[in-house]
Amino acid sequence: MLKLPPRDIPPFPEFVAIIAACMAATALSVDTMLPALPHMAADFGIDNANRMQLIISVFFMGMGIGQFLCGTLSDWLGRRRVLLGGLIVYVLLSLTVSLVTDLEHMILLRFFQGIAAASANVIPRSAIRDLYSGARMAKVLSTSHVIFMAVPIMAPSLGQLIMLGFPWRGIFFALTIAGLLVFVWVGLRLPETLPVEQRFAPSPGKFLRVARYIASEPTSLGYGLAVMVMTSMILCYLSMMPQIFEEVFHQPGYLGLVFALCAGAMAVGAFTNIRLVERLGTRVMSHRSLTALIILSAIHVVWALLGYETLISFTLLQGLTMMCMAMCTSNFTAIAMEKVGHVAGTAASLQGVLSMVGGGLIGAWIGQFWSGGVWLLPLAAMGLGLTAISIILVVEKGRLYRNPV
């Protein structure tokens, strides 16, 4: 059901396209630069390539904090004002990052870039909730999510394409232009979606009450921690992929293709979950997917340690692992929100901070153990999977693979 008069918003296809463009700007900020990390290390004179992983992880941490800040400010000041402010800061930071000459300043600026980019991730979802409900809202979310998932498939190849004609700094110039285009589009076509009478100022007391409730509610806390573990898993994957293709396979040109195949496997997992979750239930679906993830990761570890790893086996096993991870994460998120519906907005913000900041710290820590063996990536996935299933065992009091009666 439409909540605002149709004349106040763009036509439905354009509105979906604006939302998807905002979300795509966030994904591009991570995935386009994966092929550039080895070149950036050489340019900065960094001998320890593991330090370059921080360029990815600090962006995730910034996004986690930014989701909380931008979401809270948009409830108070309105969606449009905060979104436009975040986008213009993102543009300025993208331009500034392209000019830095040392890793320390790069890491600092990437953290703040992540905070700014969060506005283009959390506020569009809030705008959808402001404007639509029911089946219409589900259609907007599903359509924009499909477009958003296509970005990681193409982004590394786009980064490689840019680097054919420009140095790695050209990627940040491209992000600057992309952010500016989205800023102009939003400024010209997207109106304010939150009426003044529905706005409210931040309340520290409310946040503390919700935080205490989440910490004391086993399902919300436990599955929120499981989402954090899954976030750290994907960060390990993003951080290690450039080094795996540069140092192990010696085929950096194939990074974009394999990344696209793994992203496609994640999309298959997401669509499979959509088709089966109503019939099987979120717990059965997520617990089975997590078990499959652990088994696949264990097989991958053994395969790599025995020296059988090839580009084909890596792509197959890693793709299947990422497919299972996609099914786990979406269901864990839904379960974590089951008992906090009365404080859904604040709870989602706090859980977002937990998953992205906590996941960023864990993923960054694991990435520093890279020493040239592909086995580290599946080993990390297996260890994180065992951690997640241990947390869930405690939450579910030892009962897995069954839904509440």
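Summary table
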item: Subset tally (residues that are buried (at least 23 other Cβ atoms within 10 Å of the Cβ) and among the aromatic types (Phe, Trp, Tyr)) for the stretch 192-234; result: 1
item: Helices (runs of 4 or more DSSP H) within the stretch 19-137 that include 3 or more residues under 23 Å from residue 256 (Cβ atoms); result: 37-44, 54-77, 103-117
item: Residues satisfying the stated conditions in the stretch 158-171, i.e. open to solvent by less than 50 Å² (accessible area, probe 1.4 Å) and part of a helix (DSSP H, G or I); result: 159, 160, 162, 163, 170, 171
item: One residue from 309, 338 being outside any helix (DSSP H, G or I) and open to solvent by less than 40 Å² (accessible area, probe 1.4 Å); result: 309
item: Pairs, first within 14 Å of residue 22 (Cβ to Cβ) and at pLDDT below 90 in the stretch 182-198, second surrounded by 15 or more Cβ atoms within 10 Å (Cβ to Cβ) and basic (Lys, Arg), C-beta under 8 Å, six or more apart; result: 193/79; 193/80
item: Residue check for residue 275: assigned to a helix (DSSP H, G or I), among the charged types (D, E, K, R) and in contact (Cβ under 8 Å) with a residue 40 or more places away in the chain; result: no
item: Boolean, residue 401 is closer than 29 Å to residue 254 by Cβ, aromatic (Phe, Trp, Tyr) and either over 18 Å from the mean Cα position of the chain (by Cα) or in a helix (DSSP H, G or I) (or both); result: no
item: Positions within the stretch 388-405 being open to solvent by less than 70 Å² (accessible area, probe 1.4 Å) and among the β-branched types (Val, Ile, Thr), in sequence order; result: 389, 391, 392, 395
item: Set 99, 54, 34, 103: member being among the aliphatic types (A, V, I, L, M) and at pLDDT below 90; result: 34
item: Residue within the stretch 220-235 that is assigned to a loop (DSSP other than H, G, I, E, B), among the small types (Gly, Ala, Ser) and under 23 Å from residue 62 (Cα atoms) present; result: no
item: Flag if residue 149 is within 30 Å of residue 257 (Cβ to Cβ), open to solvent by 30 Å² or more (accessible area, probe 1.4 Å) and at pLDDT below 85; result: yes
item: Pairs, first in a helix (DSSP H, G or I) in the stretch 368-391, second aromatic (Phe, Trp, Tyr) and surrounded by fewer than 24 Cβ atoms within 10 Å (Cβ to Cβ), C-beta under 7 Å, six or more apart; result: 376/369; 376/370; 377/237
item: From 367, 363, 385, 359, residue being within 28 Å of residue 245 (Cα to Cα), buried (at least 22 other Cβ atoms within 10 Å of the Cβ) and at pLDDT 95 or above; result: 385
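Residue-wise test of (1) modelled with pLDDT under 90; (2) of a type outside the set (Lys, Arg); (3) open to solvent by 40 Å² or more (accessible area, probe 1.4 Å).
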site: 236; (1), (2), (3): no, yes, no
site: 245; (1), (2), (3): no, yes, no
site: 249; (1), (2), (3): no, yes, no
site: 253; (1), (2), (3): yes, yes, yes
site: 259; (1), (2), (3): yes, yes, no
site: 271; (1), (2), (3): yes, yes, yes
site: 286; (1), (2), (3): no, yes, no
site: 291; (1), (2), (3): no, yes, no
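The values are calculated or read from the model by the stated rules, or taken from the named source; none is laboratory data. All values reported here derive from a predicted model rather than from experimental measurement. We place every Cβ from the backbone using ideal geometry, glycine too, and count neighbours over all the protein chains shown. Heavy atoms of the whole protein, side chains included, go into the accessibility calculation; ligands, DNA and RNA do not. Shrake-Rupley method; radii C 1.70, N 1.55, O 1.52, S 1.80 Å.
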